[in-house]
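Reviewing the structure listed below.
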Amino acid sequence: MELRHVRYFDAVADTLNFTRAAERLHVTQSTLSHQIRQLEEELGLVLFDRGHKRVALTEAGEMLRSHLVPALQQIDRGLQALSREPEAISGELRIGTTHSFNTRLVPLCVSSFLAYHPGMRVTVEELSAELIARRIASGHLDLGVSYRPQDRPELWFEPLYNEELRLVVADKHPFAKRRRVRMIELNRCRMVLLPPQFSTRKLLDDCFEAAGAQPLVIAQLNSIAPMLELIRQTDLAGIIAETAVSPSAGLRMVPLEDPTPIRTPGLLWKKGGNRSPTVKHMASVIRRAASGHAG
């Protein structure tokens with residue numbers, strides 16, 4: 001069944017006259033009759049009782065119309081919405097994000113959002129997950145791209161996808177040519193990691209403990225870009241989400257196992273708050289962008 005079949009069926013059902021329906025649709029009566037017959041053959045049902053004096057819906061036709069007409073109206077509303085010019089909305093949207101998502105995901109989403117709402121101002125703050133939760137709870141941020149907060153019943157967390165953290169090393173590092181590295185192999189490995197206040201670092205510390213590994217944390221940096229540059233220039237290894245690392249010469253990403261560090265980013269906002277249309281739109285933009293990482 002194609003959309004034109006639905007429109008032809010609706011026109012005949014509304015007018016109960018093939019001639020008037022054809023005029024409304026700007027097609028010939030023979031074309032309309034042929035399309036309706038195609039629809040009936042596909043369904044294996046007679047939809048119209050074609051009497052000598054009038055056309056009437058059969059019981060099957062009545063049932064089909066009761067379901068198809070609301071669907072057709074919804075399709076038309078969607079097409080009308082697409083044809084409208086973007087709304088001239090102004091104001092400010094305040095977003096909090098952790099460092100990983102501010103590297104690629106959030107800038108991409110802000111670009112898409114501003115293309116639709118050029119009158120808006122968007123402020124993005126790169127913060128720790130705990131600070132994002134605190135500022136959303138206090139009303140200083142409208143939306144967060146972060147991780148599930150602990151002991152924050154006043155906040156709502158919507159998971160987006162699961163992502164693996166991977167070992168990042170320079171191309172001359174002993175692990176650079178490995179297909180996989182077990183966490184226990186990082187025991188006494190010279191590493192650069194995020195500081196302990198970051199939720200990702202807490203996740204990694206739990207993984208090290210579960211594997212019985214104690215890496216040598218030579219450096220702690222609170223931003224991804226300088227961490228990657230340090231890895232490129234030294235023998236230090238790091239553990240970073242693949243989505244936060246752009247393809248770059250001189251670096252290798254290696255999957256980790258036993259255990260594999262996995263985290264779940266998501267959207268964060270205050271429960272019970274009246275989310276504005278712009279917040280809802282930005283959330284939908286982030287969902288679409290994040291769907292490419294799902295699975």
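How much mean residue ellipticity at 222 nm does the chain get from its helices, if each DSSP H run of length 4 or more adds -39500 (n - 2.57) and you divide by all residues, to the nearest 500 deg cm²/dmol?
Roughly -13000 deg cm²/dmol at 222 nm, from the helical runs in the chain.
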Charge tally in the Cβ shell below 12 Å around T58, where Lys, Arg are +1 and Asp, Glu are -1, T58 excluded: -2
Percent of alpha-carbon pairs separated by more than 15 Å within the stretch 213-279: 66
Packing rank of 169-178, 102-111, where each peptide gets the mean count of other beta carbons within 10 Å, highest leading: 102-111, 169-178
Cα centroid of the stretch 1-79 to Cα centroid of the stretch 167-211, whole Å: 64
Cα-based Rg of the chain normalised by 2.2 N^0.38 Å, two decimals: 1.49
Extension reserve of the A115-T58 stretch, reckoned as 0.36 nm per residue once the Cα distance is removed: 15.6 nm
Residue-normalised accessible area of the chain, given per residue in Å² at a 1.4 Å probe: 55
Pair-distance profile P(r), taking every C-alpha pair of the stretch 159-295, with 10 angstrom steps and integer %: 11, 39, 30, 14, 6, 0
Peptides 124-137, 60-73, 187-200 ordered by average Cβ neighbours within 10 Å, highest first: 124-137, 187-200, 60-73
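Given a Förster distance of 45 angstrom, what is the FRET efficiency for T264 paired with A71, based on the Cβ-Cβ distance and rounded to 0.05? Don't skip to the end; give the middle numbers.
Details: r = 35 Å, r/R0 = 0.77.
About 0.85, to the nearest 0.05.
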Label-to-label distance, nm, for residues given as D151 and A225 (7 Å Cα→Cβ offset): 3.5
Length added when fully stretched, E92-H140, from 0.36 nm per residue minus Cα-Cα: 16.1 nm
The chain - percent of accessible surface contributed by carbon and sulfur, probe 1.4 Å: 50
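The values are calculated or read from the model by the stated rules, or taken from the named source; none is laboratory data. Just so it is clear, the structure is predicted and the values come from calculations on it, not from any experiment. Virtual Cβ from ideal backbone geometry, glycine too; neighbours counted across all protein chains shown. Heavy atoms of the whole protein, side chains included, go into the accessibility calculation; ligands, DNA and RNA do not. Shrake-Rupley method; radii C 1.70, N 1.55, O 1.52, S 1.80 Å.
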